[in-house]
Each structure stands twice: as C-alpha cells, then as structure tokens.
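Trainee: Pasting in a structure now, in structure tokens, and then I'll have a few things to ask.
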Amino acid sequence: MRRNLFIVVPAVIAGGVLLFVALFFLFLTIVEYRPEAVEDVPFSSGDVRLEKNQPVTLLSWNIGYAGLGKDEDFFMDGGKKVRPDSKEVVGSYFSGIKETIGAHPTDIIFIQEIDIKSKRTWKMDQFAALKDFTGKAGSFAYNYKCAYVPFPLPTIGHIESGLAVLTDYETAAAQRRSLPVPFRWPVRLANLKRCILAVRIPVYERGLASGRELVLADFHLEAFDSGEGKIAQTKALKEFIDAEYAKGNYVIAGGDFNQRFPGSDAFPPLWTDGWLPGQLEASMLDEGWQFVFDDSKPTCRSNSRTYNDDDARAHRWQYHVIDGFIISPNVEKLSMDVIDEDFQNSDHNPVFMSFALR
C-alpha cells in the first residue's frame, strides 16, 4: 500500500500540473489579442492648421515604458531583470522623460513603448499622463496586449502597451494597421502584435484646404526574432507609405526600426553577448525617398548590463543607431539631431527632426 502511494501521489501531482498548464494555455488562447488588419482608434484633434511650406518639428522617442533607465538591464537583451525594482523607480524615470520632452517643444511627438495598464509599470497610464503634460491631442494603438505573460520568473504578467502620437495639429483620422506577426502558437499568445499607428493631418495652403494629408506612421518594428519578422514588417511598412504617396499625400514614417540605417558604420558591434540590430537596405526606397537619421550620437544602448557611465565615457559601451525616419519626396528635411540624454531615463535617446511640406 505504501509503495502504491509513492507511485500514485507523484502521478496525481504531475497530472495536476499538466492540467493547470493546459488550462492556462487554453485561457490565453481564448483571450488572445486578435486585432483586425486595419482598425480605427480613438483620437483627439488639435486646433492648429498645418500649412504647406511652414517648418514643422517632430520628436520621436522609444521611452522604454519608463522602465529601462540607467540602473536597469533586461533579460531579453542578455541581462537579468524583468522590471524595475519599484513604482518609485518608474516614477523617477517617467519624470525625467517628461522633463526632456518639456525642454524640447515640438509640434508632433511619436512615442514607442508607452504603457497604459501593465504590471511592470504598476498600471501607470503613461499616455494620459503625457497628454496632460504636453497639452496636446493624441492617439494610441496597442503594440502589446496580453492578459498574462507567464515568463520569465518573476513573470511579466498583465501588459497593455503600444504607440502614441501627440500633436497640436488638426487631425482627421487615426488607424491601427497590423504588421506581420513572426511567432507561432503558443509563443504568439504572449508576444507582441506590432502595428503602424497611422495619423492623418489635413494640409492647408494659404489658409485653404489642399485636399492632401500629412500621413504620420509611428512604429516599433520587431526586435527579438530571427530576422524574418523585421523583413516582413519593413516590407509592409513600405507598401503602406508607397500607397499613401501615390494618393498625393505627404508621408513621414518613423520610430524604432530595430535595424541599422544604410550607409552608416557608426558604433559597430563590440560585444559578443547581447542583442544586435538588423540591417536596412538602401534599395528598399524608391527614387526621391530618404532615410533621415543622425549617427553622430547613438540612439540606443545595450541592455545586457546596467548602464555604467565610466564605461560609456570611455566609449566601451555597445551602442546602436536604430531610431529615425523615412520621408517621401515631397517632404524636405530641414534638420535632424539626436538629443543626447545619456540614456538616463530610457535605453533610447530621443531624435528630433524639422521639416517642411513642399
């Protein structure tokens, strides 16, 4: 009898664990975020009219959900941490992010990795907070939405995160446009479902409606894939911006490409561990289109270890230039700069462009 117990009890425990795992994956499958190919998203509109030929400023920043500042590493990059140590740490990084944005007044802001209700940021609604702080109108689209991410330990848990566009300009529409998902079931269940947040701004000329739009495409392309995801998403992005330009619209696509820009050899790989970006090809753009970036300073730092200022000053850190823009032939770049915040509040530096519609 005792011998039977030694067999039965472990078998019952193992069976219970397997049943729990099966039911958990069934739950994630039932509640999986399944966005449509194209969805309208709520937006608010500014009251400033966008005039042709007038200089316009645009800031783009992957804020790392105010959870990847100077004292953080990240397990997916080869580090150890899953989230910051406390709500106060997140609040401190977010205060620094707001301070930087406030110090660089701009007409349009692209934000990537902004949380609205996630365990990792103690359910802080960063989108609402930035709207209130800037006083701008805005729109938000999910890039990551999961009832519970079960890995690693401690788990990531519930997550709602995405992209935001904030602007003073009159806005006509905002859409979430799904990008290809490179992951299969069951990995897909708890992974990102990336998209383009497309915002349409009417363009005026001498106070009259021109019938054209400035189409803003904010995005954060695939990071932790084998490469096919980035390629497929970049192709989908190009198809979208080409179609909008063919309609006679002005197009600016920007954000975190997670890929190096053509012709730039700044900040080559130094470390054998940690994450490395993909590579964009110059041939992907048709004549007249431009990649706009500044590689005089890095836009992203490795998260395989916490940021060490002494190493950074000695230029021994692994940096990347992966944040920038694509502009259509009827958009003129006036300036482009990386705002060097030394990665104090995010693992990315913001990038700042001025342009005009011709």
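The values are calculated or read from the model by the stated rules, or taken from the named source; none is laboratory data. This structure is a prediction, so every number in the text was calculated from the model and none was measured. Positions of Cβ are generated from backbone atoms using ideal geometry, with glycine treated the same way; all protein chains shown enter the neighbour counts. What goes into the accessible areas is simple: the full protein's heavy atoms, side chains included, and nothing from ligands, DNA or RNA. Shrake-Rupley method; radii C 1.70, N 1.55, O 1.52, S 1.80 Å.
Trainee: Pro262: more than 17 Å from the chain's Cα centre (by Cα) and either closer than 22 Å to Glu113 by Cα or modelled with pLDDT under 95 (or both), yes or no?
Mentor: No; evaluated as a whole, the condition is false for this residue.
Trainee: Return the residue satisfying two criteria in turn: it lies in region 229-252 and is surrounded by fewer than 23 Cβ atoms within 10 Å (Cβ to Cβ), over 18 Å from the mean Cα position of the chain (by Cα) and of a type outside the set (A, V, I, L, M, F, W, C), and of such residues it is farthest from Arg177 (Cα to Cα).
Mentor: Gly248
Trainee: Scanning for something in a loop (DSSP other than H, G, I, E, B) and either touching a residue at least 60 places away in the same chain (Cβ under 8 Å) or crowded, with 17+ Cβ neighbours inside 10 Å (or both), does region 208-216 turn up at least one residue?
Mentor: Taking every residue of region 208-216 in turn, none turns out to be in a loop (DSSP other than H, G, I, E, B) and either touching a residue at least 60 places away in the same chain (Cβ under 8 Å) or crowded, with 17+ Cβ neighbours inside 10 Å (or both).
Trainee: Same structure, new question: Exactly one of these conditions fails for Arg184: (1) crowded, with 16+ Cβ neighbours inside 10 Å; (2) not in a helix (DSSP H, G or I). Give me its number.
Mentor: (1)
Trainee: How about region 293-358: which strands (runs of 3 or more DSSP E) wholly inside it have at least 1 residues that are in contact with a strand residue (DSSP E or B) (Cβ under 8 Å, 6 or more places away or on another chain) and open to solvent by 60 Å² or more (accessible area, probe 1.4 Å)?
Mentor: Here the list reads 331-338.
Trainee: Quick one: would you say Gly46 is among the small types (Gly, Ala, Ser) and either out of contact with any Lys or Arg (no Cβ under 8 Å at 6 or more places or on another chain) or closer than 24 Å to Ala147 by Cα (or both)?
Mentor: Answer is no for this residue.
Trainee: Can you tell me which residue is surrounded by the fewest Cβ atoms within 10 Å (Cβ to Cβ) among those in region 191-207 that are charged (D, E, K, R) and farther than 21 Å from Asp242 by Cβ?
Mentor: The selected residue is Arg206.
Trainee: Hey, can you tell me all the residues within region 273-292 that are open to solvent by less than 70 Å² (accessible area, probe 1.4 Å), part of a loop (DSSP other than H, G, I, E, B) and farther than 22 Å from Asp225 by Cα?
Mentor: Leu285, Gly288, Trp289
Trainee: Now for a separate question. For region 142-165, indicate whether the set of residues that are in contact with a His (Cβ under 9 Å, 6 or more places away or on another chain), open to solvent by 60 Å² or more (accessible area, probe 1.4 Å) and more than 24 Å from Ile252 (Cβ to Cβ) is non-empty.
Mentor: Yes, region 142-165 contains a residue that is in contact with a His (Cβ under 9 Å, 6 or more places away or on another chain), open to solvent by 60 Å² or more (accessible area, probe 1.4 Å) and more than 24 Å from Ile252 (Cβ to Cβ).
Trainee: Between residues in region 258-272 that are part of a strand (DSSP E or B) and residues that are basic (Lys, Arg), which pairs lie under 8 Å by C-beta distance while being six or more apart or on different chains?
Mentor: Hits for this filter: Gln259/Lys230.
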